[in-house]
Amino acid sequence: MSTIAPQRLYEEQRLFRAYRRSHDPHLRERLVERYLPLARSLARRYSRGGEALEDLEQVASLALLKAIDAFDLGRGVAFSSYAVPSIAGAIKRHYRDSGWMVRPPRDMQDLAVNVARVSDELLPPRRRSPRG
């Protein structure tokens, strides 16, 4: 196992160096294929009932692409050490940005419909909005 990790790190560095030099889309695709399981794993980790897993995987995949493009090999860290916080942050931002919509319980929705109906019934005879 100790020989696999350095070999994997060497391959990672080689791919990133080649991609930085050439910006070859095929090399980028190889990097994406290599790290897409990591992005999907993070999407599953942050998956909640209200959001489709496919949406989270898309957010994670886009964050992976940005991480690949922004990764600085000269910092001396493994790509996954850079990518995990980047991808997790993108998923958290997605939840923050899309989570503002309030979904009241069904009985509250029914109550709102009833209040609107009664307000409409009271408005014409009194010629003003009812006050609480």
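The values are calculated or read from the model by the stated rules, or taken from the named source; none is laboratory data. For clarity, every value in this text was computed on a predicted model and none was experimentally measured. FYI the Cβ positions are ideal-geometry reconstructions off the backbone, even for glycines, and counts take in every protein chain you see. When the accessible area is computed, the model is the full protein with side chains, heavy atoms only, and any ligands, DNA or RNA have been set aside. Shrake-Rupley method; radii C 1.70, N 1.55, O 1.52, S 1.80 Å.
Could you check how many residues of region 55-80 are buried (at least 17 other Cβ atoms within 10 Å of the Cβ) and either under 13 Å from the mean Cα position of the chain (by Cα) or assigned to a helix (DSSP H, G or I) (or both)?
10
Would you confirm whether or not region 33-54 contains a residue that is among the basic types (K, R), open to solvent by 30 Å² or more (accessible area, probe 1.4 Å) and assigned to a loop (DSSP other than H, G, I, E, B)? Before you say what the answer is, go through the steps one by one.
Here is the first cut: in region 33-54, the ones among the basic types (K, R) are 34, 40, 44-45, 48.
If we keep only those that are open to solvent by 30 Å² or more (accessible area, probe 1.4 Å) too, we end up with 34, 40, 44-45, 48.
Applying the additional criterion that residues be assigned to a loop (DSSP other than H, G, I, E, B) yields 48.
Yes, because at least one residue in region 33-54 is among the basic types (K, R), open to solvent by 30 Å² or more (accessible area, probe 1.4 Å) and assigned to a loop (DSSP other than H, G, I, E, B).
For R28, state whether it is open to solvent by less than 80 Å² (accessible area, probe 1.4 Å), under 25 Å from I91 (Cβ atoms), out of contact with any Gly (no Cβ under 7 Å at 6 or more places or on another chain) and assigned to a helix (DSSP H, G or I).
Values: open to solvent by less than 80 Å² (accessible area, probe 1.4 Å): yes; under 25 Å from I91 (Cβ atoms): yes; out of contact with any Gly (no Cβ under 7 Å at 6 or more places or on another chain): yes; assigned to a helix (DSSP H, G or I): yes.
Yes.
Does Y19 satisfy the condition of being of a type in the set (F, W, Y), modelled with pLDDT of 95 or more, open to solvent by 50 Å² or more (accessible area, probe 1.4 Å) and assigned to a helix (DSSP H, G or I)?
Here the answer is no, as Y19 does not meet what is asked.
Would you please name the residue that is farthest from the chain's Cα centre (by Cα), looking only at residues in region 81-98 that are open to solvent by 50 Å² or more (accessible area, probe 1.4 Å) and polar (S, T, N, Q)?
S81
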